[in-house]
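We did not get these values from a lab; they are worked out from the coordinates using the rules stated. All values derive from a computational prediction rather than experimental measurement. Cβ: placed from backbone, ideal geometry, glycine included. Neighbour counts: every protein chain shown.
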Amino acid sequence: MSEKSLDTIIAQAGNHLDGKKAVALPLYFSSNYRHDSLAEAKNFDPHRGYTYSRLATPNRRALEETMARLEKGTAAFAVSSGMAAIQLALSILKTGDQLISLDDLYGGDFRYFRCLHDHAGVDFDQLDGQSIDDLVAKVSEKTKLVWLETPSNPMMKKVDIQAVATAVHEKNPQTLVAVDNTFYTPVYQQPLTLGADIVVHSATKYLSGHNDLLGGILVCKDPDLAAKYYEYHITTGDTLDSFDSWLLLRSLKTLTVRVERHTSNAQQVVKYLQGEPRVSKVLYPGKGGIISFYLKDEDDVEKILNNVKVITFAESLGGIESLITIPFYQTHADVELDQRQRLGITPRLLRLSVGLEDPTDLVNDLKQALGK
Ligand SMILES: *Cc1c(COP(=O)(O)O)cnc(C)c1O
């Protein structure tokens with residue numbers, strides 16, 4: 001049978017798997033599973049059955065199989081946070097290997113890439129800008145991984161995944177291209193179909209979408225690479241527990257309708273911001289729920305953050321509830337000051353994650369916060 005479309009996969013994710021014929025997948029709280037006999041234990045297939053929950057649980061497996069299908073990969077791994085997914089992705093790097101990234105990334109990435117450099121001797125090279133030619137010029141024999149985030153956080157820059165993957169693989173076929181797909185989700189972008197080798201998500205954001213859990217997902221294409229990640233994942237044990245796996249799978253079922261509404265709401269807020277004289281610039285890639293914008297006056301930044309009532313002044317993004325944050329002091333505080341300046345991450349830049357409230361209420365909230 002041909003593969004179903006994304007909406008059909010998510011609507012029925014995990015259903016009809018339970019031995020007791022439950023339609024939705026029940027939540028399994030058990031750290032271990034019983035063997036029928038010595039013969040069964042000897043022939044045990046860890047990719048199908050269950051023994052010990054670090055290796056697999058029914059809820060985590062259903063989630064991982066769903067994510068592999070949504071991202072069109074061979075295998076997916078559910079971990080305890082987005083950063084843990086990034087750590088799993090980079091677990092294949094050895095001392096002397098080179099990692100290249102673009103200049104605008106989630107703040108925690110830089111901290112982790114620096115750790116890998118300082119503690120493990122991984123050669124981390126960051127591009128000054130987003131030029132594909134400059135990126136490819138840096139790719140050498142030593143380049144194990146190229147790290148992309150598109151659209152980027154918080155500057156909303158877009159990268160042509162297909163062009164980068166083609167050019168990088170032409171220069172060095174061994175180099176892997178990884179994409180952080182947190183902002184667009186598989187609804188808008190499936191990097192593996194565009195030539196990338198690895199996709200990661202902070203599932204804390206749109207995939208779970210309700211501001212109530214922390215999780216991460218890695219999906220990859222090559223079965224040999226998947227085997228390496230599988231061994232590392234089940235051995236180190238940074239696995240998503242059954243409850244959060246159950247919650248995340250449940251949330252995934254509404255991914256498309258949520259993401260589409262996030263987009264239409266954000267488009268209305270963008271319209272207001274573009275006509276607001278106190279706003280000097282709006283960064284929005286055309287779809288998705290995240291908007292970054294600059295205020296002309298730093299006092300207006302404080303007015304907004306102190307006075308919003310419908311929108312919440314809090315970190316994170318991608319949930320049903322609208323959140324606003326100031327990357328300079330919050331998500332990107334650990335990025336070197338000169339780099340923040342170069343990227344345009346200033347104290348006048350705000351990042352708004354548009355939720356599923358009525359967009360008129362969101363616009364009115366921003367207006368009243370600005371004192372109008
Ligand atoms: C939040 C985020 C991360 C980190 O994920 P956590 O779940 O907070 O560990 C990574 N990449 C992007 C783009 C993010 O927004």
Report, ordered by chain and residue number, the aspartates and glutamates lying within cross-link reach of LYS303, taken as a straight Cα distance under 13 Å and ignoring same-chain residues fewer than 8 apart. ASP365
For the residue pair GLN174 and THR360, what label-to-label distance in nm results when each label sits 7 Å from Cα along the Cα-to-beta-carbon direction? 6.2 nm
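Given a cut-off of 25 Å, name the pairs among LYS20/LYS228; LYS138/LYS158; LYS287/LYS367; LYS21/LYS205; LYS271/LYS372; LYS271/LYS367 whose C-alpha atoms lie farther apart than that in the structure shown.
Working: LYS20/LYS228 34 Å; LYS138/LYS158 20 Å; LYS287/LYS367 23 Å; LYS21/LYS205 32 Å; LYS271/LYS372 17 Å; LYS271/LYS367 13 Å.
Table pairs above 25 Å Cα-Cα are LYS20/LYS228; LYS21/LYS205.
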Calculate the dipole size of region 295-350 relative to its Cα centre from +1 charges on Lys and Arg beta carbons and -1 charges on Asp and Glu beta carbons; express the result in debye to the nearest 20. 160 debye
If packing is taken as the mean number of other Cβ atoms within 10 Å per residue, what is the order of 219-229, 46-56, 196-206, highest first? 196-206, 219-229, 46-56
Would you mind pulling out the separation of the Cα centroids of region 6-54 and region 55-110, in Å? 22 Å
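At a Förster distance of 35 Å, what's the computed FRET efficiency of GLU298 paired with SER131, Cβ-Cβ distance as r, to 0.05? Before the final figure, lay out the partial values.
Details: r = 32 Å, r/R0 = 0.90.
That pair, GLU298 with SER131, gives E of 0.65.
Roughly what % antiparallel, to the nearest 5, for the DSSP beta bridges in the chain?
Working: 23 of 41 bridges.
Just about 55 percent of them are antiparallel.
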Under 8 Å for C-alpha pairs, at least 6 residues apart: give me the relative contact order for the chain, rounded to a whole percent. 17 percent
What residues have an amide H closer than 5 Å to that of LEU176, excluding those fewer than 5 places away on the same chain, when H is modeled at 1.01 Å from N in the peptide plane? LEU145, VAL146
In degrees, nearest 10, range 0 to 90: what is the angle between the Cα axis of helix 255-275 and the longest Cα principal axis of the chain? 10 degrees
Highest-first arrangement of 251-260, 36-45, 232-241, where packing means the average Cβ count within 10 Å: 251-260, 232-241, 36-45
With the dipole of the chain worked out from charges on the C-beta (+1 for Lys and Arg, -1 for Asp and Glu) around the Cα centre, which of VAL164, THR331, PRO46 lies farthest toward the positive end? PRO46
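Using R₀ = 56 Å, calculate the FRET efficiency as 1/(1 + (r/R₀)^6) where r is the Cβ-Cβ separation of ARG342 and VAL257; round to 0.05.
Details: r = 38 Å, r/R0 = 0.69.
Taking R0 as 56 Å, the efficiency between ARG342 and VAL257 is 0.90.
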Computed over region 255-370, the relative contact order (Cα-Cα under 8 Å, seq sep at least six) in percent reads 31 percent
Check: C-alpha center region 301-318 vs C-alpha center region 157-228, spacing in Å is 30 Å
Kindly write out, for region 353-366 in residue order, the coupling ³J(HN,Hα) from the Karplus curve 6.51 cos²θ - 1.76 cosθ + 1.60 (θ = phi - 60°), rounded to whole Hz, with x marking Gly and Pro. 9, 7, x, 9, 5, 5, x, 5, 5, 5, 5, 4, 5, 5
Karplus-derived HN-Hα couplings along region 234-251 (A = 6.51, B = -1.76, C = 1.60, θ = phi - 60°), whole Hz, x at Gly and Pro: 6, 7, 6, x, 7, 9, 6, 6, 4, 5, 5, 5, 5, 5, 5, 5, 5, 5
Filter the trypsin sites (Lys or Arg not before Pro) in region 260-369 down to the DSSP loop ones having no more than 10 other Cβ atoms within 10 Å, then list what survives. LYS309
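Show me the ranking of peptides 354-361, 125-132 by mean Cβ neighbours inside 10 Å, starting with the highest. It would help to have the intermediate numbers written out before the result.
Details: 354-361: 17.4, 125-132: 15.1.
Averaged packing, sorted descending, gives the order 354-361, 125-132.
Give a quick list of GluC sites (Glu not before Pro) in region 134-240 that DSSP marks as loop, anything other than H, G, I, E or B, with at most 13 other Cβ atoms within 10 Å.
Details: sites: GLU141, GLU149, GLU170, GLU231; in loops: GLU141.
Sites meeting the loop and neighbour criteria: GLU141.
With an 8 Å Cα cut-off and a minimum separation of 6 or more residues, compute the relative contact order for region 1-120 in percent. Please list the in-between numbers first.
Working: 70 pairs, mean separation 21.7, N = 120.
Reported relative contact order: 18 percent.
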Assuming 0.36 nm per residue, please report the length gained on full extension of the stretch TYR112 to ASP222 beyond their Cα-Cα distance. 37.1 nm
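Mind checking the full-extension length gain between ASP18 and ASN307? Use 0.36 nm per residue of separation minus the Cα-Cα distance, one decimal, nm.
Details: separation 289, 0.36 × 289 = 104.04 nm, distance 4.88 nm.
Full extension of this stretch gives 99.2 nm more.
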